[in-house]
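Enquirer: Pasting a structure below so you can have a look.
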Amino acid sequence: MNSKAWLIPLLLLSVGCNRMAAKASSERSDNFRALSTGQFLRLPALWMVQGTSAQVTLSTQGEARLFYGPKGSPLTKEAPNQGQGNDFRFLLSGLTPDSDWTYQVNAENGEGEKISFRTANVGKPFSFAVFGDSRPNDGDEPPEDFGRVVAAMAKQSPVFAVGVGDNVQLTPGGFLSITDKLVRGRYDAYLRALNPLGRSVPVFMAAGNHDRTWDPTALKGFKEAFVLPQNGTSTYYSWDYANVHLVVLDSEKAYEKVDLGAAQLNWLAKDLASSKQPVKLVFLHRPLFGGAHSNDFEHSNQPQRSELIALFKKNGVSAVFCGHDHYYRHLEVEGIDWTVTGGAGAPEAYSAPTGGFVGPHFLLVKVGEKGISTKVYSDSGEEKDSW
């Protein structure tokens, strides 16, 4: 892979050091350490937006600094960097809930684009997006369909998004010789395609079988690419938003075997039992009610499927969202909504199930006081289904 191919020009730079310096001196201190180049290796991505804090990651060939402030005001706050080397991880603190903020990354020859986002709210209706299976058949670059799905999601202005796995391709036709360079290149390309959404909307990720997180090198790349809650492990975790408790599970302990394992099941039981939120939602890659693969819960681990269904019913889980099968299907079983959303760009290699369809799509889940409602949109923004 040509290393220059994944260097990305700093977006919308305003060229001219003198103009930048004059503006900077009016808004912040003059001890600005500039980037040595005007290029990002990994574009800015927003993570873990809460009421009073957020994080931004990026990678450059030189130094970077990030400034932020309330939207429409001078960007006078500087975020500390908690990353290492050329990988930056900025912590934005002192935010206020349910408000708009702007951040900007600066370079030697200009200022980066100002990017705005909104902090978490409490007690108001909101919407979030769900998508799955964006990996290509082979290679670094995500499918073009994924770019269109990302653009369509961004137009809906979700407060966050959840990806249900198979983000990149690390197992084409069997097994690759996994190296840090290969994994890094594939996640760089993925984050570049996700950027129109991910720079201003936090995304939470599940691992899929093609992400190959049982492999130490691939797991390292997954952990470096995404900033996720750490109350479980890097691949299973939970968080709260307003009146909703959300749980991401890891169905990828081995490539051909679906088994959450005792440690994860014990964690899940405790996590669900301890949550007092009225709405509980679960996300994982492999579906409990599948059809297109033999290596899912329905075909290869029915005892654990029964255990999970009982656990979800006992703890009031409203809906479960999965990927793996490259189509859309929604079922209601045992009082729970089960949705497969595997259409974010992965190859369309499966027939449409009864009541479902094959094609690029995503979900928009609306949360209100009485629960959730969901609409399914194509990559062109056409409404395809609702429940």
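Just so you know, all these numbers are worked out from the coordinates, no wet-lab data involved. This structure is a prediction, so every number in the text was calculated from the model and none was measured. Reconstructed Cβ throughout: ideal geometry from the backbone, glycine too, with neighbour counts over all protein chains shown.
Enquirer: How many nm is it between the label spots at S306 and N266, if each spot is 7 Å from the Cα in line with the beta carbon?
Expert: Inter-label distance under the simple model: 2.3 nm.
Enquirer: For a quick check: with amide H placed at 1.01 Å from N, whose amide H comes under 5 Å from E111's, ignoring anything fewer than 5 positions away on the same chain?
Expert: S14
Enquirer: Here's another thing I want to ask about it. Show me the trypsin sites (Lys or Arg not before Pro) within the range 97-203 that DSSP assigns to loop and that have at most 16 other Cβ atoms within 10 Å of their Cβ. Intermediate results must be reported in sequence, preceding the final value.
Expert: Details: sites: K114, R118, R148, K155, K181, R184, R186, R192, R199; in loops: K114, R199.
Here the sparse-neighbourhood loop sites are K114.
Enquirer: Show me the ranking of peptides 130-141, 68-79 by mean Cβ neighbours inside 10 Å, starting with the highest. Don't skip to the end; give the middle numbers.
Expert: Working: 130-141: 22.5, 68-79: 16.5.
Taking the mean over residues of other Cβ atoms within 10 Å, the ranking is 130-141, 68-79.
Enquirer: How large is ³J(HN,Hα), in whole Hz, for each residue of the range 215-221 in order, when computed from phi with the Karplus curve 6.51 cos²θ - 1.76 cosθ + 1.60 and θ = phi - 60°, using x for Gly and Pro?
Expert: 3J(HN,Hα) across the range 215-221, in whole Hz: 8, x, 5, 5, 4, 4, x.
Enquirer: Quick one: if you stick a label point 7 Å off each Cα along the C-beta vector at D100 and Y350, how many nm between them?
Expert: With each label point 7 Å from Cα toward Cβ, the separation is 4.0 nm.
Enquirer: A further question follows. With +1 on the Cβ of every Lys and Arg and -1 on the Cβ of every Asp and Glu, and nothing else charged, how large is the dipole of the range 206-363 about its Cα centre, in debye rounded to the nearest 20?
Expert: Values: 13 positive and 17 negative charges, 75 e Å.
Roughly 360 debye, rounded to the nearest 20.
Enquirer: Using 0.36 nm per residue, how much length does the chain from E78 to E144 gain when fully extended, once their Cα-Cα distance is taken away?
Expert: 20.2 nm
Enquirer: On to the next question. Enumerate by residue number the trypsin sites (Lys or Arg not before Pro) in the range 330-377 meeting two conditions: DSSP loop (anything except H, G, I, E, B), and at most 14 other Cβ atoms within 10 Å of the site's Cβ.
Expert: Details: sites: K366, K370, K375; in loops: K370.
Answer by residue number: K370.
Enquirer: Starting from the Cα of K181, move 7 Å in the Cα-to-Cβ direction to define the label point; list residues of the range 212-229 whose amide nitrogen is under 17 Å from there.
Expert: 217-218, 221
Enquirer: Check which residues have an amide H placed less than 5 Å from G345's amide H, if you skip close sequence neighbours.
Expert: Counting only residues 5 or more places away or on other chains, the set is H361.
Enquirer: Taking amide H positions as placed in the peptide plane 1.01 Å from N, state which residues far from L95 in sequence (5 or more) or on other chains have amide H under 5 Å from it.
Expert: Counting only residues 5 or more places away or on other chains, the set is S53.
Enquirer: Something else about it: So what J values fall out for the range 271-276 if you push phi through Karplus, 6.51 cos²θ - 1.76 cosθ + 1.60 with θ = phi - 60°, rounded to Hz, Gly and Pro as x?
Expert: 5, 5, 5, 7, 7, 9
Enquirer: Something else now. Could you bin all the Cα-Cα distances of the range 126-386 into 10 Å bins starting at 0 and give me the percent of pairs in each, rounded to whole numbers?
Expert: Values per bin, smallest distances first: 7, 34, 40, 18, 1.
Enquirer: Just want the ordering: L363, L91, L331, from fewest to most Cβ atoms lying within 10 Å of their own Cβ. The partial results should precede the final answer.
Expert: Numbers: L363 29, L91 14, L331 18.
Arranged by neighbour count, lowest to highest, L363, L91, L331 become L91, L331, L363.
Enquirer: Continuing with the same structure: Cut-off 11 Å, label point 7 angstrom out along Cα-to-Cβ of W387: give me the residues of the range 339-372 whose amide nitrogen falls inside.
Expert: Under cut-off, by backbone N: 339-341, 355-356.
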